[in-house]
Amino acid sequence: MTTPQAFVHALTGIVGRANVLVDDLDMAGYLTDWRKRYVGRALAVVRPADTTQVADVVRHCSEANIAIVPQGGNTGLVGGATPDDSGMQIVLSTARMKAIRAIDPVNDTITVEAGCTLADLQAAARDAGRLFPLSLASEGSCTIGGNLSTNAGGTGVLRYGNARELCLGLEAVLPNGEVVSHLAGLRKDNTGYHWSDLLIGAEGTLGIVTAATLKLYPMPRARGTAWAAVASPHAALRLLAMAQQHCGPTLTAFELVSDFALSLVEKHFPASRPPFAGRHPQGVLIELSDHESEAHARSLLEGLLEQALEDGIVIDAVVAEDLARAQALWALRENVSEAQAAEGKNIKHDIAVPISRIAEFVERTDAALRSAFAGIRMVTFGHLGDGNLHYNVSPPVGVDEAAFLAMQPAINRLVHDAVVAHGGSISAEHGIGQLKRDDLAHYKSASEMTMMRAIKGALDPRGIMNPGKVL
């Protein structure tokens, strides 16, 4: 029987001694999730340089029956890339696999390796005169492999779709070490099961994504950005319908930010410039991507907001007059998560509800939570345009954080019951990981869980690929 020492020594023969980390200090950054809710131990952190090395490492782990935790930028929010505390799993980091393999501006595709950061991918597309539209607050450190493994969403889903819809093909290593690859960049291909769709959103439980071919788009000539104040989510939905009718396919983002969420940004980012002098219950950030001109984008936005003000849907509105102001408005939205973290511990919910039922969900669930947990503060923000809200809960003022976190199971059950009652999903874009694993089993139907376990068993019969996550 192979000893742990012999196993690790064999890994050095595959990726080199410098890329097998075993010292506690060297491994520390790989063993804790971004929110610092989960801390694991590992036999080693392995950093392969290419797909061949990934396959060799996986094959070696399969033969030794050693579990693998794939990890990209380690920016996840559900503990999906953190090992358990056994110390007998390896973390396989794709951080060295950063290459842009190919850009085809005529086919509007780009092929990149899994460790390429989202920001670097966006920059490569931009250098080719193209747009890669996936946009996340963590884009400077999250990687495309992680984005695909969690089916990331972000702010542009309303117009461009989520990560799955942006992917035309994958290269991946299966749990037995076999490499499967289909990177041709075809938009139509009906030759059997679309196996890549299984790996997208599977959080590394079915294999390791090593490369992907992704859709590109023409670079917009102009962007228009505005912030509108509304009285309620009901009014925000009326504004959304009006924006879709008025702006058509130029409407790229439609983000909701509650006043309390905005107040946290103003508190913890003192340089922030609020959109208005007064307070308003809800804010809506609107962005257009226009292929005509800045003047056309501004005209569309101004026309929309003038009509919305006249109809009483909007209380006040401001259109960004230049790029700096547009970036400042976006910073108000993008800094909500950091501001809430600075405020203290919080209980996060990444939920999706049919767009038509979001206002009803917020109204009823807010009331139920405040009735059950006096003094809690709701930090509600997110992608109203595609039905995804980050419906987060901060503790009452003065309440001990440990006491507040002890309420988490009850708060989660109330929120998730309400989500399902409104026809929604308990995870819109963050994934399941270990945080929502038990909730998934509670809310998914027995037939869905049976199907998922059958797929897992067929592809990963040894159960070595990211065990304890999702299922």
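Derivation of every value follows stated rules applied to the coordinates shown; laboratory data play no part. Small disclaimer: the values here were computed from a predicted structure and weren't measured. Note that we place each Cβ from the backbone using ideal geometry, even for glycine, and neighbour counts take in every protein chain shown.
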* **Inter-label distance for Gln408 and Arg279, nm, one decimal - labels placed 7 Å from Cα along Cα-to-Cβ** => 2.9
* **Per-pair calculated FRET efficiency, R0 = 35 Å: Thr2 and Ala137 via Cβ, rounded to 0.05** => 0.25
* Asked: In a shell of Cβ-Cβ distance under 14 Å around Asp24, excluding Asp24 itself, what net charge do Lys and Arg (+1) and Asp and Glu (-1) give?
  -> -2
* Simple label model, 7 Å out from Cα along Cβ direction - Ala368 to Ala271, nm -> 4.2
* Dipole magnitude of the chain about its Cα centre, charges +1 at Lys/Arg Cβ and -1 at Asp/Glu Cβ only, in debye to the nearest 20? -> 660
* Length-normalised contact order of the chain in % [C-alpha pairs under 8 Å, at least 6 apart] -> 15
* Asked: Counting Lys and Arg as +1 and Asp and Glu as -1, each charge on the Cβ, what is the dipole of region 133-272 about the Cα centre in debye, to the nearest 20?
  -> 520
* **Dimensionless Rg/Rh of region 4-93 - Kirkwood Rh, Rg from C-alpha atoms** => 0.94
* In the structure displayed, which of Lys188/Lys456; Lys188/Lys436; Lys98/Lys345; Lys36/Lys267 lie more than 32 Å apart, Cα to Cα? -> Lys188/Lys436; Lys98/Lys345
* Structure fact -> Summing -39500 (n - 2.57) over every DSSP H run of at least 4 in the chain, dividing by its residue total and rounding to the nearest 500, the 222 nm mean residue ellipticity is -11000 deg cm²/dmol
* With Cα atoms, 0 to 90° folded angle of helix 446-459 axis to the chain main axis -> 40
* Under a point-charge model restricted to the Cβ atoms of Lys and Arg (+1) and Asp and Glu (-1), what is the dipole moment magnitude of region 1-64 relative to its Cα centre, in debye to the nearest 20? -> 260
* **Residue-count net charge about Asp460 - beta-carbon cut-off 14 Å; Lys, Arg +1, Asp, Glu -1** => +3
* To do: May I ask for the distance between the Cα centers of region 368-382 and region 385-428, given as a whole number of Å?
  => 8
* Asked: Got a sec? Which residues in region 131-169 would a label at Lys188 touch, if it sits 7 Å along Cα→Cβ and we count backbone N under 14 Å?
  -> none
* To do: Give me the distance between the Cα centres of region 228-255 and region 41-88, rounded to whole Å.
  => 43
* Residue order, fewest to most beta carbons within 10 Å, for His9, His246, His422 -> His9, His246, His422
* Structure fact -> The ³J(HN,Hα) series, computed from each phi in region 64-80 with the Karplus coefficients 6.51, -1.76 and 1.60 at θ = phi - 60°, rounded to the nearest Hz and given as x for glycine or proline, is 8, 6, 9, 6, 10, 10, x, 9, x, x, 6, 10, x, 10, 10, x, x
* Structure fact -> Scoring only Lys, Arg, Asp and Glu (+1, +1, -1, -1) among other residues with Cβ under 10 Å from the Cβ of Thr250 yields -1
* Under Karplus coefficients 6.51, -1.76 and 1.60, residue-wise ³J(HN,Hα) of region 90-98 in Hz, glycine/proline x -> 10, 9, 9, 8, 9, 4, 7, 9, 10
* Taking 0.36 nm per residue of separation and subtracting the Cα-Cα distance, what length does fully extending Ser445 through Glu292 add? -> 50.3 nm
* Structure fact -> Measuring from the longest principal axis of the C-alpha atoms of the chain, the long axis of helix 118-127 (C-alpha) lies at a number of degrees, nearest 10, equal to 70
* Structure fact -> Taking alpha-carbon centroids only, region 100-157 lies from region 315-333 a number of Å equal to 25
* For Lys348, which aspartates and glutamates qualify as cross-link partners when the Cα separation must be under 17 Å and same-chain residues fewer than eight apart are set aside? -> Asp33, Glu334, Glu338, Asp366, Glu401, Asp417, Glu429, Asp438, Asp439
